[in-house]
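Enquirer: Please find one structure pasted underneath; my questions will follow.
The values are calculated or read from the model by the stated rules, or taken from the named source; none is laboratory data. Nothing here was measured: the structure is a model prediction, and the numbers come from that model. Every residue, glycine among them, receives a Cβ derived from its backbone with ideal geometry; neighbour counts consider all protein chains shown.
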Amino acid sequence: MKELLDMISDLRKKFEAVQPSLHLRQKQDEIASLQSQMEQSGFWDDQGKAQKISQKMSWLRSFLQKWNDIASSLSDLPDLIEMANAEEMKDMEDEARQLKDKFEEAETELLLSGEYDQGNAILSLHVGNGGQDAEDFCQMLLRMYLRFSESKGWKVTVLEESASDAGLKSVMVRVEGLMVYGMLQGEHGVHRLIRLSPFNAKNLRQTSFARVEVLPEIEDETSVEIDEKDLRVDVFRSSGSGGQSVNTTDSAVRITYLPLNVVVTCQNEKSQLQNKQSAMKVLKSRLLKLQLEQKAQKLEELRGDLMEAAFGSQIRTYTLQPYKLVKDHRTDFEYSNPDKVFDGDLDGFVQSYLRNK
């Protein structure tokens, strides 16, 4: 009992420390203001603006609900623990652990204060060294992010995909939801897989690589200014799986930003115009991230050699042989169950990255 009460007391001290930064009253006032806007006639005439307001409202309500529940539990649990008998104590232990997990998750979210952390993200996977194993690894990572997104209630839309017999050569998806970029930003980098190769006749151990790129999805009115003369726009026929699903028009779009040779392709929208709009949004997001990473004020300050992928500097290794372990090399966070990680259990890695950052 004393151990549980001490844990609750420690959580209460932490809550009191962060409480001033929560601004709960201001957020309640903001909800009332947004609710007033949503009740006005013609609110949904501008779909884009209405969706952003609705998303902000959803996040504010979720934020308030989470912290109000934590405050209530911190107030009630000590009395319940002291009154619990031997049989009820097991339930109290479970509740206390769940409260601790909930507090740590909510506390981590407070770290998402960057300009783009609350918004959507563009996630791209690119095959690296390792042949068929790398292509299969790329497919495994896509499934991992799809499952993680599903657990968060996020929407995923495929923008471009290049498949192979063994898996994927590349794929680009838009992930929409609350705090998507903030939660996924730590996945940006080179990932490494070590396992017994299913593509090797001798079943030898194989190391393969994939590069993950995470960009904040930015609005059209972004400060990134692109001169039309610096762009080359190519259109071509979208690749399909055959049969009735084959696209018979030249609707796919490839945009190249010539000064830095940055190439973006989009082919999964229904029309050439939609593909071009999506590709331009991704291009602006990619150039913005480069600016932020290099602390450049203008695109002209960037250099092409900064675009090189460094496959020797992996951020995480997934080891399946001779032992099972997933390790993040930036934070030293480890998880001994790779199967759960590939099934979308990334919360530990996300939280350790944000806290370390």
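Enquirer: Take the conditions part of a loop (DSSP other than H, G, I, E, B), exposed (fewer than 15 other Cβ atoms within 10 Å of the Cβ) and out of contact with any Phe, Trp or Tyr (no Cβ under 7 Å at 6 or more places or on another chain) and apply them to G114. Does it pass? I'd like the intermediate steps shown before the answer.
Expert: Working: part of a loop (DSSP other than H, G, I, E, B): yes; exposed (fewer than 15 other Cβ atoms within 10 Å of the Cβ): yes; out of contact with any Phe, Trp or Tyr (no Cβ under 7 Å at 6 or more places or on another chain): yes.
Judged against the criteria, G114 is a match.
Residue-by-condition table, conditions (1) among the hydroxyl-bearing types (S, T, Y); (2) over 30 Å from the mean Cα position of the chain (by Cα); (3) at pLDDT 95 or above; (4) surrounded by 13 or more Cβ atoms within 10 Å (Cβ to Cβ):
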| residue | (1), (2), (3), (4) |
| --- | --- |
| P20 | no, no, no, no |
| G42 | no, yes, no, no |
| G48 | no, no, no, no |
| M57 | no, no, no, yes |
| K66 | no, no, no, yes |
| E82 | no, yes, no, no |
| D91 | no, yes, no, no |
| A96 | no, no, no, yes |
| E104 | no, no, no, yes |
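Enquirer: Identify all residues within the stretch 226-262 that are among the β-branched types (V, I, T) and either modelled with pLDDT under 90 or touching a Phe, Trp or Tyr at 6+ places or on another chain (Cβ under 9 Å) (or both); write none if there are none.
Expert: Listed by number, the residues that qualify are I226, V246, T248, T249, V253.
Enquirer: Is it the case that the stretch 214-223 has a residue that's under 15 Å from the mean Cα position of the chain (by Cα) and outside any strand (DSSP E or B)?
Expert: Just the residues of the stretch 214-223 that are under 15 Å from the mean Cα position of the chain (by Cα), to begin with: 214-218.
If we keep only those that are outside any strand (DSSP E or B) too, we end up with 217-218.
Within the stretch 214-223, one or more residues are under 15 Å from the mean Cα position of the chain (by Cα) and outside any strand (DSSP E or B).
Enquirer: If you check every pair at least six apart or on different chains, which have Cβ atoms under 6 Å apart with a residue in the stretch 328-357 that is over 15 Å from Y318 (Cα atoms) first and a residue that is surrounded by fewer than 16 Cβ atoms within 10 Å (Cβ to Cβ) second?
Expert: L354/L111
Enquirer: Related question: Since K155 meets every condition but one in (1) among the basic types (K, R); (2) crowded, with 16+ Cβ neighbours inside 10 Å; (3) under 23 Å from S278 (Cβ atoms), which condition does it not meet?
Expert: Tallying (1) among the basic types (K, R); (2) crowded, with 16+ Cβ neighbours inside 10 Å; (3) under 23 Å from S278 (Cβ atoms), K155 fails exactly one: (2).
Enquirer: How about the stretch 273-331: which of its residues are surrounded by fewer than 18 Cβ atoms within 10 Å (Cβ to Cβ), of a type in the set (S, T, N, Q), under 20 Å from E228 (Cα atoms) and at pLDDT 85 or above?
Expert: The answer is Q274, Q277.
Enquirer: Mind listing whichever residues of the stretch 69-80 are of a type outside the set (D, E) and either in the same structural domain as G177 (by TED's automatic domain parsing) or surrounded by 13 or more Cβ atoms within 10 Å (Cβ to Cβ) (or both)? Walk me through it before giving the result.
Expert: So the first thing to find is which residues in the stretch 69-80 are of a type outside the set (D, E), and the list is 70-75, 77-78, 80.
Within the stretch 69-80, I70, A71, S73, L74, L77, P78, L80 meet the criteria.
Enquirer: Right, something else. Of all residues in the stretch 163-202, which are acidic (D, E) and surrounded by fewer than 21 Cβ atoms within 10 Å (Cβ to Cβ)?
Expert: D165, E176
Enquirer: So, in the stretch 114-155, of the ones that are more than 12 Å from L193 (Cα to Cα) and of a type in the set (F, W, Y), which residue ends up modelled with the lowest pLDDT?
Expert: Y116
Enquirer: Among the residues of the stretch 155-171, are any under 25 Å from L290 (Cβ atoms), part of a strand (DSSP E or B), of a type in the set (A, V, I, L, M, F, W, C) and under 11 Å from the mean Cα position of the chain (by Cα)?
Expert: Checked against the condition, which is being under 25 Å from L290 (Cβ atoms), part of a strand (DSSP E or B), of a type in the set (A, V, I, L, M, F, W, C) and under 11 Å from the mean Cα position of the chain (by Cα), the stretch 155-171 yields at least one hit.
Enquirer: Same structure again: Quick one: is S208 modelled with pLDDT of 90 or more, small (G, A, S) and surrounded by 12 or more Cβ atoms within 10 Å (Cβ to Cβ)?
Expert: Taking the combined requirement at face value, the residue satisfies it.
Enquirer: A further question on this structure: For E3, all conditions in the list (1) at pLDDT below 90; (2) within 21 Å of Q118 (Cβ to Cβ) hold save one; what is the number of the exception?
Expert: Condition (2) is where E3 drops out.
Enquirer: I would also like to ask the following. Could you please let me know if I122 is within 26 Å of the chain's Cα centre (by Cα), within 30 Å of E160 (Cα to Cα) and assigned to a strand (DSSP E or B)?
Expert: Yes; evaluated as a whole, the condition is true for this residue.
Enquirer: Of I122, I53, which residue is among the hydrophobic types (A, V, I, L, M, F, W, C) and closer than 27 Å to R143 by Cα?
Expert: None of the other options fit; the residue is I122.
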